[in-house]
Amino acid sequence: MKKISLLFLCFGFLASVQAQDSAALKKHYLKLYTQGLGYNDVNVAINALQGYLAVENNLTFKDTLSMLYFSTKNYYSALLLSEEVSKADPNNLDAMARTAECYDELGDPKTATSLFEQVVPKTKNPYQAYKLAVCQYQLKRTAEAEASAKFVLADTNSKKMGVQFNSMSGNQQAVSVAAAAANLIGVLRMDVKNFTEAKKYFDQALTLFPGFVGAKENLEAVERASKPTKTPAKTPVKRG
C-alpha cells in the first residue's frame, strides 16, 4: 500500500514539475515574441510562437502566427493555420478571409472566390470585396466582378484602405482600394472595347489616387487603342 502511495506521490510530483516547466516555457516564448515585435523582427516573433504552440495548442496564437506568415508572404504556412482556425471557429471571418487570400496568392482563385463569397456579405469589408472582384475577374465572371467593384466604390471607407497593386510593367504599388476598384472596372470596359467608359474609370482611379502607375499605364493603353488607324498614303505611280 505504501508503495502505491509513493508511486502516486511520485507521479503527482512529476506532473507538478512538468506544469511548472510548461508555464515557464510559455512565459519565455511570450517574452521572446513581444521582444521580436518590439524590434520589428518578424522571424523572431514567428519562432517564438512556434515554440509556444509546441507547448500549448492555442487557437488564438495559431491565428496570430498565420498573420505573421502572411505578412512575410509565406502563404502556404499562413493558409494551413488560417484554415485550421476558421474550421475550428467559423465566426472568425478574418481567418476565413485570409484563407481566401492565401488561395488566391497560391493560384487558386476558384476556391478563393468561394470563400470570399461567404465572408463579404457578412463583413461588407471593401478590401475583401475588392479581392473578391479580382478573383471573379480571373474566373471571367465579369458581371459579378463589376458588381463587386462597384460595391467597393460605393463605400467611402474604400478611400482610406490600401491594397498592393501590380502594374503591367511589373511595378508594385500601394494604392487606395477605391482607386484599384475603379481601375478594375476600367479594365472590364477596355476588354469589351468600350474605350470611352474605360477612360472614364481610369481617370476616376487617378483622381482617387493621383500617383497610380497602373491606372496611368491603362489610360495610355486605352488612348492608343482608341485612336483611329491611319491608312498610309499611296505613293503616286509615275507614268511615261
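Where a number appears in this text, it was derived from the coordinates with a stated rule and is not lab data. A quick note: this is a predicted structure, and the numbers were derived from the prediction, not measured. Please note: Cβ atoms are built from the backbone with ideal geometry, for glycine as well, and neighbour counts cover all protein chains shown.
Structural remarks
- When +1 charges are put on Lys and Arg Cβ atoms and -1 charges on Asp and Glu Cβ atoms, the dipole computed for the chain relative to its Cα centre reaches about 920 debye.
- For the chain, diffusion coefficient by Stokes-Einstein and Kirkwood Rh (Cα), 25 °C, 0.890 mPa s, µm²/s: 114
- Inter-probe distance in nm under a simple model that places probes 7 Å from Cα toward Cβ, at K200 and V55: 6.1
- Calculated FRET efficiency for the pair K159/K31, C-beta based, R₀ 45 Å, to 0.05: 0.70
- Compactness of the stretch 92-232, expressed as Rg and Dmax over alpha-carbon positions, Å: 15.4, 63
- The stretch 192-209-the stretch 120-173 distance, computed between alpha-carbon centres (Å): 15
- Cβ-Cβ FRET estimate between A24 and T123, R0 fixed at 41 Å, reported to 0.05: 0.55
- Counting only alpha carbon atoms, the long axis of helix 213-226 and the longest principal axis of the chain meet at about 30°.
- Helix-only [θ]222 nm of the chain, DSSP H runs n ≥ 4, -39500 (n - 2.57) each, per residue, nearest 500: -24000 deg cm²/dmol
- A Förster radius of 25 Å combined with the Cβ-Cβ distance from K87 to Q172 puts the calculated FRET efficiency at roughly 0.20.
- Per-selection Kirkwood Rh - the stretch 83-143 (Cα, Å, 1 d.p.): 11.3
- Ranking A225, C135, N125 by Cα position along the charge dipole of the chain, where only Lys, Arg, Asp and Glu carry charges on their C-beta atoms, puts A225 farthest toward the positive end.
- Nearest-ten-degree value, helix 126-138 long axis tilted from longest Cα axis of the chain: 60
- Binned Cα-Cα distance frequencies in the stretch 146-225 - 5 Å width, integer %: 3, 19, 29, 27, 16, 6, 0
- With Cα atoms, 0 to 90° folded angle of helix 142-154 axis to the chain main axis: 80
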